[in-house]
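Here's the structure we're looking at; comments come further down.
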Amino acid sequence: DELEGVVKAFAAPPPRPTEDSIHAYLASAGVARPEATSRCLRAGMLHGHVSMPADPSTFLDAVLHEGGCNCCGSALVCTIRDALRQGDYGGDYGDGGEGGAVECDECGGNYVTRICSGDMAFDSGKFHNHCHHCPGFGQCIGDYREAHCHRCGDHYFVGMSGFRCPCRGGGGGFDDSGADDSDSSSGYESPTTPSVDDASAPAAAASAWDAVLPGIVQTERGELLERAEKAVGPGSALAIIAEEGLLPAGVIEGMMAELPSLEDLRAMSNVDELRETVEQLDETRAITERIVESAVLQGSKRPRVDDEGDVYEDDDDDDDD
């Protein structure tokens, strides 16, 4: 027994799961398109906060979280199957949390937030914001107005108007009085004009730092192109929509004609222009991913998008005469 204990103590630990192995496990559990499931759930699996039994047939119906409704406190139970297609952004909390994993009969939708860290709780969605840009399927960052900075990699209060990250000179949130202390309503405007007249200011020494870190522009450009590829490149939700005909051919052709190609984006020499274009593509990516997720859930029903970008379903039997 003592020898067996020594052997176990020095035995190699089991291999850590990878993103590919998480997708493979979900597929073995019977999940169609594992890559379209909740990133927060997948992050929880990746980091060991969601148990994955050896027999995957029991996985989907296992209880993920039990607790009280975030509003009235009524008992709620959420299974992994319930959370599988939960949204990663709870911005619909004002509309009843329709993207949440479970629904309270009295209050509406409840999101299970922070699955990724194991500190799970039911939430209306206002404080359920899972960052897609962080590695390892991302992480929850709380308030729906928080955002990921692609320059420094930190998270900051972007608000509803696009305040800047502190690394770009933004105020970074609210002051003690509750007023927003950011100095810009745009994410990428120049810093505010200094109080000292430029004409009266002494010239900077030739050796002065120009506030540009070596390689920072190239690094940001690379990150922007990676984001763009996820929006319009091979394997993107847009590519899946085109390959599988999830929208009428005319709609797909119109989308493709309006969006820049990867070649066009790589040819952009102005990083500010590239950044603005990719931010618009992020919005397109969110819509196309919702269309693919809707198609997975509806099966044979074709998802459509209305003028406001909301997904609704339409039977294939209806040819829109």
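Quick notes on this one:
- ³J(HN,Hα), Karplus 6.51/-1.76/1.60, whole Hz, each residue of region 75-89, x for Gly, Pro: 5, 10, 10, 10, 8, 5, 4, 5, 8, 4, 10, 4, x, 9, 9
- In the full protein context, region 54-96 carries 51 Å² of accessible surface per residue, based on a 1.4 Å probe and ignoring ligands, DNA and RNA.
- Using 0.36 nm per residue and subtracting the Cα-Cα separation, the extra length available between GLU106 and GLU66 on full extension is 12.7 nm.
- The portion of the accessible surface of region 51-161 made up by carbon and sulfur, rounded to a whole percent, is 44 (1.4 Å probe; DNA, RNA and ligands excluded).
- Here each label is just a point 7 Å from Cα along the line to Cβ, and for SER21 and ASP95 those points are 3.9 nm apart.
- D_trans [Stokes-Einstein, Kirkwood Rh over alpha-carbon pairs] for region 116-159, 20 °C, 1.002 mPa s, µm² s⁻¹: 195 µm²/s
- Mean Cβ neighbour count within 10 Å, used as a protection proxy, ranking 115-123, 16-24 highest first: 115-123, 16-24
- Only Lys, Arg (+1) and Asp, Glu (-1) charged, at Cβ; region 23-102 dipole about Cα centre in debye: 220 debye
- Ordered from largest to smallest accessible area (heavy atoms of protein chains, 1.4 Å probe), the residues LYS126, LYS230 come out as LYS230, LYS126.
- Two-site label geometry, MET256 and VAL77: point separation in nm, points 7 Å out along Cα→Cβ: 4.8 nm
The values are calculated or read from the model by the stated rules, or taken from the named source; none is laboratory data. Quick caveat: nothing in here was measured; it's all calculated off a predicted structure. Don't worry about glycine lacking a Cβ; one is built from the backbone with ideal geometry, like all the others, and counts go over all protein chains shown. For accessibility, only protein heavy atoms count, side chains too; no ligands or nucleic acids. Shrake-Rupley method; radii C 1.70, N 1.55, O 1.52, S 1.80 Å.
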